[in-house]
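First comes the structure, then the notes that go with it.
The values are calculated or read from the model by the stated rules, or taken from the named source; none is laboratory data. Treat the numbers as computed from the prediction; the structure is a model and nothing was measured. Here the Cβ positions follow ideal geometry from the backbone for every residue, glycine too, while neighbour counts run over all protein chains shown. Just the protein is used for accessible areas: all its heavy atoms, side chains included, with ligands, DNA and RNA removed. Shrake-Rupley method; radii C 1.70, N 1.55, O 1.52, S 1.80 Å.
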Amino acid sequence: FLDSIIPNPKKTNSCNILELAQVLEFEFLLNKKKQSTVMDKLLTASLFSSILILSLFSTSYGQNQNCSAFAFRNNQLFATCNALPLLNSVLHWSYHPDNHTVDLAYRHGGVPNTDWVAWGLNIDGTRMVGSQCLVAFRNSSGEIHAYTSPVSSYSTQLAEGALSFNVPRIGAEYSNNEFIIFATLELPAGRTSFNQAWQNGAVSGQALTAHVQSGDNMRSFGSIDFANGKLGGGGGSSVTSRQRRRNVHGVLNAVSWGVLMPMGAVFARYLKVFKAANPAWFYIHVACQTSAYIVGVAGWGTGLKLGSDSTGIEFTTHRNIGITLFCLGTLQVFALLLRPKPDHKYRLYWNIYHHAVGYAVISLAIANVFEGFDALNGQKNWKRAYTGLIIAIGAIAVLLEAFTWFIVIKRKKTDSNKHTQNGTNGTVNPYGNGTHQQA
């Protein structure tokens, strides 16, 4: 090794050897530092990976711990618990395979004591209809009443009744804005996996009113396996698709019946006062109303599809007004084809019919758009935007009404003055014919 560094060691004095030792020591320390740096990086990467894995594990474990760490007032313990994905709900249970029963506690938080809560199993279906429910609410005496209720239709009021399986025990309590339903279920033979649904709504007097028809309340269902503790997803994708169709239906009808129809009427009423706008106002009016009818029919069709896909969910007023609008709009289209000439003897009656039906369509359309917003329940921004738009169209109509009346009155005075001058001064009369002047 020395020969490779020092060509002739015999000629090297002690100073050279000392310098060589220092160089070797420096190289050794440098290599040691590099190795230490590499080791530090490896240790850092390993430590970071370990912390990341542990944090992920602890997050998952912590969620279950938060669930299982809940202390019930009766000191009851459950083998398994899972937080349900929506409506601030948690399900605790212990499954007993020897007798095929399950002891459970359903917790539903963040609700006032004036609400009702329900959880149920759907043996043969996937959602609300067919669910065998456990229900709890505060009755008129102030006590928390728990009972069973089979759901056979969407119009249910959760009346008390026996389920398709036996429920030997049921009770409930309320504290800290949370309902808890305790029950023991004798599960149907041969199965541990079922579809589940959970819900809440308001209580009016002693009547349990319908839950909210949008948002998380329409997605609160899924599956559960009491044996292995697994929860399955609900109808998120299908509900999102349905919600998207509802939004499309709302936009089409709001734009057509609710915006284009009133704008077409405004153009027809106020532009025709100006001689320069004749006959452009007529074509603008026809274009607006025809476009509104075509888009409105598309929106009406999406409404029919939504109705067929949402069996049991009915918005009677909204549906009836929509059908009426479609019929009246169709009559207006046919009225355009049967429009008599201005000098026809029936033109007056046609005008009366056309204006009456037109204003009825506009009034019903605006009312039904607001009915639709109420059906969507929660679309406050859209409702505010449409309200502002309708107010703006109304304000413009009021200003144009005053302006056109001013023009009409002024024009009548001008025509009256010209007529007076023509009648008293023959030189001004371009016809110079008293007979024509009389006609």
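Scanning the stretch 261-273 for residues that are modelled with pLDDT of 90 or more and open to solvent by 40 Å² or more (accessible area, probe 1.4 Å) yields a count of 1. Scan the stretch 372-393 and tell me whether some residue there is of a type outside the set (A, V, I, L, M) and on the phi > 0 side of the Ramachandran plot. Yes: the stretch 372-393 contains one or more residues that are of a type outside the set (A, V, I, L, M) and on the phi > 0 side of the Ramachandran plot. The condition of being touching a residue at least 24 places away in the same chain (Cβ under 8 Å) and either farther than 27 Å from S153 by Cα or touching a strand residue (DSSP E or B) at 6+ places or on another chain (Cβ under 7 Å) (or both) does not hold for I352. Restricting attention to the stretch 75-87 and to residues that are without any contact (Cβ under 8 Å) to a residue 40 or more places away in the chain and farther than 30 Å from G215 by Cα, the residue that is least open to solvent (accessible area, probe 1.4 Å) turns out to be F78. When the criteria are applied in full, S220 fails the requirement of being under 24 Å from H96 (Cα atoms) and in contact (Cβ under 8 Å) with a residue 12 or more places away in the chain.
Being farther than 30 Å from V129 by Cβ and in contact (Cβ under 8 Å) with a residue 12 or more places away in the chain is not true of Y346. The numbered conditions (1) under 20 Å from L231 (Cα atoms); (2) surrounded by fewer than 19 Cβ atoms within 10 Å (Cβ to Cβ); (3) touching a residue at least 60 places away in the same chain (Cβ under 8 Å) are all true for L185 except (2). Taking the numbered list (1) under 30 Å from A159 (Cα atoms); (2) part of a loop (DSSP other than H, G, I, E, B); (3) open to solvent by 30 Å² or more (accessible area, probe 1.4 Å) in turn, A227 passes all entries but (1). Output yes when any residue across the stretch 200-208 is open to solvent by 30 Å² or more (accessible area, probe 1.4 Å), modelled with pLDDT under 85 and on the phi > 0 side of the Ramachandran plot, and no when none is. Scanning the stretch 200-208 turns up at least one residue that is open to solvent by 30 Å² or more (accessible area, probe 1.4 Å), modelled with pLDDT under 85 and on the phi > 0 side of the Ramachandran plot.
Report whether or not G161 is open to solvent by less than 50 Å² (accessible area, probe 1.4 Å), of a type outside the set (S, T, Y), in contact (Cβ under 8 Å) with a residue 24 or more places away in the chain and in a loop (DSSP other than H, G, I, E, B). Judged against the criteria, G161 is not a match. In the stretch 114-138, of all residues being in a loop (DSSP other than H, G, I, E, B) and among the hydroxyl-bearing types (S, T, Y), the one that is surrounded by the fewest Cβ atoms within 10 Å (Cβ to Cβ) corresponds to T114.
Residues considered: Y147, Y154. Of these, the only one that is modelled with pLDDT of 90 or more and of a type in the set (F, W, Y) is Y147.
How many residues are open to solvent by 40 Å² or more (accessible area, probe 1.4 Å) and in a loop (DSSP other than H, G, I, E, B) when one looks only at the stretch 164-180? Of the residues in the stretch 164-180, 5 are open to solvent by 40 Å² or more (accessible area, probe 1.4 Å) and in a loop (DSSP other than H, G, I, E, B).
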